[in-house]
Amino acid sequence: MNPPRHIGIIMDGNGRWAQQRGVERTEGHRQGLETAREVIKHAAAVGVPFLTLYAFSTENWSRSPQEVTFLNMALKNYLISELAMMQKNNIRFRPIGRVADFTPDVQELLAHTIAATSQNTGMTLVLAISYGGQLEIVDAIKSIALEVREGALDIDLITQQTIFDHLYFPELGACDFIIRTSGECRLSNFLTYQSAYSEFYFTSVLWPDFTTDHFDEALAVYHSRERRFGKENSAEH
Ligand code: IPE
Ligand code: IPE
Ligand code: MG
């Protein structure tokens, strides 16, 4: 069976994983990065076209300065260390979010990673960083308003697709399946516009403990679901 076109994962529970082991939160984040690498490789191998990982939300800037500094440093190291993995697995990289919020060195690395992987034809790995779904919609509205003001866009021609076309990465489109680890059952501002018809999967497994088997289990649940999109139950036909 074909995997869903676009899977989003809210990688949550690193702090609790560390707390349970009586180690620093940073250990949880380190282990979480290992999980991310395995899940990325696996998703690419099973043919997922787009995988969006929620790594840092606009709200996460309000964590302690030590935590924010660590996460920014981890992002930087990750971009450096994982480029070879992306090339080897034919993965194209794209960030979504307020990239301008990061320091210039991180922004340069992001640009470098996008450019270096732009010709890859396998999975597109989308990293949501300094990302907020509501802010993404605000940014889309602003760019649409600008086009209207400049006379490039007619208000009467604005459709749902127009909004999609003005999101951070228009090609990404709707999200088919959203997985969240750690037992929390909320979106926390993830893919607000793209999740209108997503299927959801919540698991109590903490992100550092999440394996490719858990991923396959989640995919099996996805395939057992009937996506109706407002139509009647197909079994009645
Ligand atoms: C997810 O783990 C990683 C980020 C949000 C960056 P958390 O850090 O939120 O872990 P918990 O929720 O405190 O367990
Ligand atoms: C959501 O997790 C953001 C990421 C996984 C990057 P949080 O841990 O920040 O979400 P809340 O605070 O529990 O809603
Ligand atoms: Mg959390």
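Points worth noting:
Here is a yes/no grid of residues against (1) closer than 29 Å to Thr26 by Cβ; (2) assigned to a helix (DSSP H, G or I); (3) at pLDDT below 95; (4) open to solvent by less than 40 Å² (accessible area, probe 1.4 Å):
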{"residue": "Val148", "(1), (2), (3), (4)": "no, yes, no, no"}
{"residue": "Ile163", "(1), (2), (3), (4)": "no, yes, no, yes"}
{"residue": "Cys175", "(1), (2), (3), (4)": "no, no, no, yes"}
{"residue": "Glu226", "(1), (2), (3), (4)": "no, no, yes, no"}
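- Filtered by the rule that a residue be part of a helix (DSSP H, G or I), within 19 Å of Ala36 (Cα to Cα) and of a type in the set (D, E, K, R), the range 86-136 gives a lone residue, Lys88.
- Sole residue being within 12 Å of ligand 2 (Cβ to nearest atom), under 15 Å from the mean Cα position of the chain (by Cα), of a type outside the set (D, E, K, R) and crowded, with 19+ Cβ neighbours inside 10 Å, chosen from Gly13, Gly97: Gly97
- Candidates are the residues of the range 75-94 that are without any contact (Cβ under 8 Å) to a residue 60 or more places away in the chain and under 21 Å from Asp139 (Cβ atoms); the one that is least open to solvent (accessible area, probe 1.4 Å) is Phe93.
- Filtered residues of the range 196-208 (kept if in contact with a strand residue (DSSP E or B) (Cβ under 6 Å, 6 or more places away or on another chain) and assigned to a loop (DSSP other than H, G, I, E, B)): Ser198
- For the range 36-56, a residue qualifies if it is open to solvent by less than 10 Å² (accessible area, probe 1.4 Å) and of a type in the set (Val, Ile, Thr), and the qualifying residues are Val39, Ile40, Val48, Thr52.
- When residues of the range 177-203 are limited to those that are farther than 24 Å from Trp61 by Cβ and touching a Lys or Arg at 6+ places or on another chain (Cβ under 7 Å), the one most open to solvent (accessible area, probe 1.4 Å): Phe202
The values are calculated or read from the model by the stated rules, or taken from the named source; none is laboratory data. Keep in mind the model is a prediction, meaning the values are calculated, not measured. Heads up, the Cβs are rebuilt from the backbone with ideal geometry, glycines too, and the neighbour counts pull from every protein chain shown. To get the accessible areas, we keep the full protein, side chains included, count just its heavy atoms, and leave off ligands, DNA and RNA. Shrake-Rupley method; radii C 1.70, N 1.55, O 1.52, S 1.80 Å.
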